[in-house]
Amino acid sequence: MNTLEYNIERIARIVEGKIILKDSNKTLTLHLSTDSRKVVTPESTVFFAIGGERNDGHAFIMDLYKRGVSNFVVSEFPEHLKNLRANFVVVKDSLEALQQLTAYHRRQFAIPVVAITGSNGKTVVKEWLYQLLSPDQHIVRSPKSYNSQIGVPLSVWQMKVDNELAIFEAGISLPGEMTKLQNVIHPQIGIFTNIGQAHAENFENTDQKVHEKLQLFSSAKVLIYCKDYQAISDAIAREYATAGPTVFAWSRKSKADLQIARVEQREYETEIQGIFKNGFIQITIPFTDDASTENAIQCWAFMLYWGYSNETIAERMLLLSPVAMRLELKEGINNCSIINDSYNSDLGSLTIALDFLNQQNQHAKKTLILSDILQSGRFEDNLYSEVADLISRKKVDRLIGIGNAIARQTELFQLEKSFFNTTDEFINNFSQGMFRDETILLKGARPFGFERISQMIQQKTHETVLEINLNAVVHNLNYYRSKVKPGTKIMCMVKAFAYGSGSFEIANTLQFHNVDYLSVAYADEGVELRQGGITLPIMVMNPEEQSYESIINHKLEPEIYSFRTMNQFTEALQRRLHGASKEPYPVHIEFDTGMHRTGFDPDQLNELVVRIKNNKILKVKSVFTHLAASDEPVHDDFTRMQIQQFEKMCEAFCPHFENPILKHILNSSGILRFPSAAMDMARIGIGLYGISATVADQKQLQNVGTLKTTISQIKNVPALETIGYSRKGIVKRDSVIATVTIGYADGLSRRLSNGVGKMLVNGKLAPIIGNICMDMTMIDITDCIAKEGDEVIVFGGDYPITDIAKELGTIPYELLTNVSQRVKRVYYHE
């Protein structure tokens, strides 16, 4: 047994809760969960129902109970739960109970525990320390970036009796949070990476932020940090003047335990020279960016403190591999979807990747291509038994194992399977017909070179891509959710190819995060979502007569905005359901309150009521209207008039029907500016994609889409020469001109030609010169540092699409929806 034994009664004692036992199952608790969607072993899971501003875990208890979970920690115990054959531990605060339990668990271990905090680099430093130290020790570490008030306890719960070292990261966004995490992690060794502006709005100043982060190391024996961050250095000197951890500092500027003497960046690597204990030492890392250099020095300092010889450190630094901070979803051959996570392979990251695989519903079949798990410190049969159990629980349909070790354990895997000793062997046996209509997860340790497999099975497209950050979509969804009262339903607009972002992939994420409704413009968009496995109710805003049969076949819900559309759809229903049970069909009624585009007028309501009640084949699910100018303060009186008019129309219409009718009026800007009018449901559109009409709210949203291209060629062009078609671009000085692989066929507006538009090249804006071509554009990079093959940002977080829209005198909607379908969408989950 390599884990400590807990059951619900022991947990109740530890968290000092009131226990209510109704299920005699005494199964040992192996898993803790706060997310109902990720429970895969219900019989051995304790669910902590945590309340929050956006979601309340108590709302999912009944669903989890039906799925087999019988142990719960709750802070509410309403009447309807009392008859369940389940065990409940009732506490004052479920989150505090989770932290209390895992703090107890942590104190059962005497192994060294390392805690890492800072504004940036926490995850990379943690992962690189794991790569550097795992040949010698069996290490437990935070999965990905599990560093929050919930993530840290779930990480610490992974500690087992055969672990020899633990490495956890901790992040905070509010004062007072770090003290709670310190109690859970209770580290002996600390690493403070740096200090920056993340979450700065929640702290009085940088000094307060540093002070809060230092609470993590209040009981540590040693703290490793960079003296060059003055705020950190000053705070350490001030707060640890009389007592506190021993410090081990590094610096580029002044004397320190590890003094950095010289950093030389080459084409593919960086050499770092330092002075330690009065001797010159050096390492070389296979990276050239400044962030990687700083993260590597943090690891260097730790290993020197830990007692490693510099020869061993230098040897292992050369082998550092990139940390996959995100899981990418791409189009593959033969209508496949590819999830690429091909830089590391261990049980923790495999679990996360399989969760992401299970969020994808576009294909019924799910395939895992998995390499040997290296340097786990576990016996092979024990390790791969756990892997086999994991992929069985995660409902993987096919396994392709690559590596000698996994190939030796073939009998453990009870599913469709094949094994290869090396990546080369797999590639030599590869054929296009091996994969079709399936979602494929690539999970490989770096030495196996799975990027070669990724290139083989990806759909081949040109080098312009639109990257979609699915985490940002969820963040923005939750931000809007937080602005309306709890219980308000959420409808998300995924029309126009989800504003250019890709309908299915966005819809799939929204379905996973429990929105209530989706809305599309036309029926074919809804049909595509249904074919991709989307089961949410879908409203069709522009139903056309020729699409009614398709709407009915795929259980879509049309908007009815006129007597003509109502009559046409009613006739289609009668034809389609002739002789069958005529259950009332759900529809959504639009009222016109002043936008004067579509919708029923106030004087039509009485006739509308009579017609619907007489035909008895329609069921009104919701009534709604469109706000014409909720984003413009100058029109606020008009918006208030629309809200009042809608309320009057609802009062005149809804009481005539027995079924409850949802009422919704607010769009993205309306949610932010008129939240009291949220009624039963609110509609999130452009805000979901990170665009707000107000400056304050824009700062709270995250960028979703980044349009990227590459430099295909660079030319030196003398002054007075011309660039492009019609010789519109005139070079006024000797210039460096780059051609990038994007044009108006990709959706880049030709109005950006001749200096109107710009692109971001390695952090500097480069103006477009000459006319934009169909497939290419020229930019002036004279003032930039760039080479052929470099990435170029057309729009994204560092160059917002709103800036480009202002240049063109248009709105971001137009630019987003204009991005061509031929531009490959890459979806990623951090």
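Among the numbered conditions (1) at pLDDT 85 or above; (2) surrounded by fewer than 16 Cβ atoms within 10 Å (Cβ to Cβ), tell me where VAL484 comes up short.
(2)
Which residues, counting only those in region 300-336, are within 18 Å of THR270 (Cα to Cα) and part of a loop (DSSP other than H, G, I, E, B)? Before you say what the answer is, go through the steps one by one.
We begin by selecting, within region 300-336, every residue within 18 Å of THR270 (Cα to Cα); these are 300-301, 310-323.
Passing the criteria: LEU318, LEU319, LEU320, SER321, PRO322, VAL323.
Output the number of the condition that GLN100 fails; it satisfies all remaining conditions of (1) under 16 Å from ILE150 (Cα atoms); (2) in contact (Cβ under 8 Å) with a residue 60 or more places away in the chain; (3) touching a Phe, Trp or Tyr at 6+ places or on another chain (Cβ under 6 Å).
The number of the failed condition is (3).
GLN546: surrounded by fewer than 18 Cβ atoms within 10 Å (Cβ to Cβ) and either in contact (Cβ under 8 Å) with a residue 24 or more places away in the chain or within 30 Å of ARG564 (Cβ to Cβ) (or both), yes or no?
Yes, satisfied.
Among the candidates MET649, MET641, which residue alone is farther than 23 Å from LEU815 by Cα and open to solvent by 10 Å² or more (accessible area, probe 1.4 Å)?
Going through MET649, MET641 in turn, the sole match is MET641.
Per-residue answers, yes or no, for (1) under 23 Å from GLN455 (Cβ atoms); (2) open to solvent by 50 Å² or more (accessible area, probe 1.4 Å); (3) among the aliphatic types (A, V, I, L, M):
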| residue | (1), (2), (3) |
| --- | --- |
| SER337 | yes, no, no |
| SER342 | yes, no, no |
| SER345 | yes, no, no |
| ALA353 | yes, no, yes |
| TYR384 | no, no, no |
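Would a scan of region 388-404 turn up a residue that is hydrophobic (A, V, I, L, M, F, W, C) and farther than 24 Å from GLY332 by Cα?
Among the residues of region 388-404, at least one is hydrophobic (A, V, I, L, M, F, W, C) and farther than 24 Å from GLY332 by Cα, which makes the answer yes.
For region 64-74, give me the residue count where each residue is out of contact with any His (no Cβ under 7 Å at 6 or more places or on another chain) and either more than 13 Å from LYS38 (Cβ to Cβ) or among the hydroxyl-bearing types (Ser, Thr, Tyr) (or both).
7
Taking ALA805 as the residue in question, decide whether it is assigned to a helix (DSSP H, G or I), crowded, with 17+ Cβ neighbours inside 10 Å and without any contact (Cβ under 8 Å) to a residue 40 or more places away in the chain. Lay out the reasoning, then the answer.
Working: assigned to a helix (DSSP H, G or I): yes; crowded, with 17+ Cβ neighbours inside 10 Å: yes; without any contact (Cβ under 8 Å) to a residue 40 or more places away in the chain: yes.
It is true that ALA805 is assigned to a helix (DSSP H, G or I), crowded, with 17+ Cβ neighbours inside 10 Å and without any contact (Cβ under 8 Å) to a residue 40 or more places away in the chain.
Return the residues of region 11-30 that are without any contact (Cβ under 8 Å) to a residue 40 or more places away in the chain and under 19 Å from VAL91 (Cα atoms); say none if nothing qualifies.
Residue satisfying the conditions is ARG13 alone.
So, restricting to strands (runs of 3 or more DSSP E) that lie completely within region 387-452, which ones have at least 3 residues that are within 23 Å of GLN359 (Cα to Cα), open to solvent by 30 Å² or more (accessible area, probe 1.4 Å) and in contact with a helix residue (DSSP H, G or I) (Cβ under 7 Å, 6 or more places away or on another chain)?
none
Looking at the structure I just gave you, is THR722 among the hydroxyl-bearing types (Ser, Thr, Tyr), touching a strand residue (DSSP E or B) at 6+ places or on another chain (Cβ under 7 Å) and open to solvent by 20 Å² or more (accessible area, probe 1.4 Å)? Spell out the reasoning first.
Numbers: among the hydroxyl-bearing types (Ser, Thr, Tyr): yes; touching a strand residue (DSSP E or B) at 6+ places or on another chain (Cβ under 7 Å): yes; open to solvent by 20 Å² or more (accessible area, probe 1.4 Å): yes.
Yes; evaluated as a whole, the condition is true for this residue.
Do we find a residue being in contact with a strand residue (DSSP E or B) (Cβ under 8 Å, 6 or more places away or on another chain), assigned to a helix (DSSP H, G or I) and under 21 Å from HIS513 (Cβ atoms) anywhere in region 114-134?
no
Return the residue satisfying two criteria in turn: it lies in region 75-106 and is part of a strand (DSSP E or B) and out of contact with any helix residue (DSSP H, G or I) (no Cβ under 6 Å at 6 or more places or on another chain), and of such residues it is nearest to LYS18 (Cα to Cα).
Filtering region 75-106 for residues that are part of a strand (DSSP E or B) and out of contact with any helix residue (DSSP H, G or I) (no Cβ under 6 Å at 6 or more places or on another chain), the one nearest to LYS18 (Cα to Cα) comes out as VAL90.
Being of a type in the set (Ser, Thr, Tyr), surrounded by fewer than 18 Cβ atoms within 10 Å (Cβ to Cβ) and either modelled with pLDDT of 90 or more or part of a helix (DSSP H, G or I) (or both) is the filter here; which residues of region 169-205 pass it?
THR179
When both residues are 6+ apart or on different chains and their Cβ atoms are under 6 Å apart, which pairs have a first residue that lies in region 514-534 and is free of Cβ contacts under 8 Å to residues at least 40 places away in the same chain, and a second that is open to solvent by 50 Å² or more (accessible area, probe 1.4 Å)?
Going by the 6 Å Cβ cut-off, the qualifying pairs are VAL520/LYS495; ALA521/LYS495; ALA521/ASN542; TYR522/ASN542; VAL527/HIS554; ARG530/HIS554.
The values are calculated or read from the model by the stated rules, or taken from the named source; none is laboratory data. Being a predicted model, the structure only gives us computed values, none of them experimental. Cβ coordinates were reconstructed from backbone atoms using ideal geometry, including for glycine residues, and neighbour counts include every protein chain displayed. The accessibility values were calculated without ligands, DNA or RNA, using every heavy atom of the protein model including side chains. Shrake-Rupley method; radii C 1.70, N 1.55, O 1.52, S 1.80 Å.
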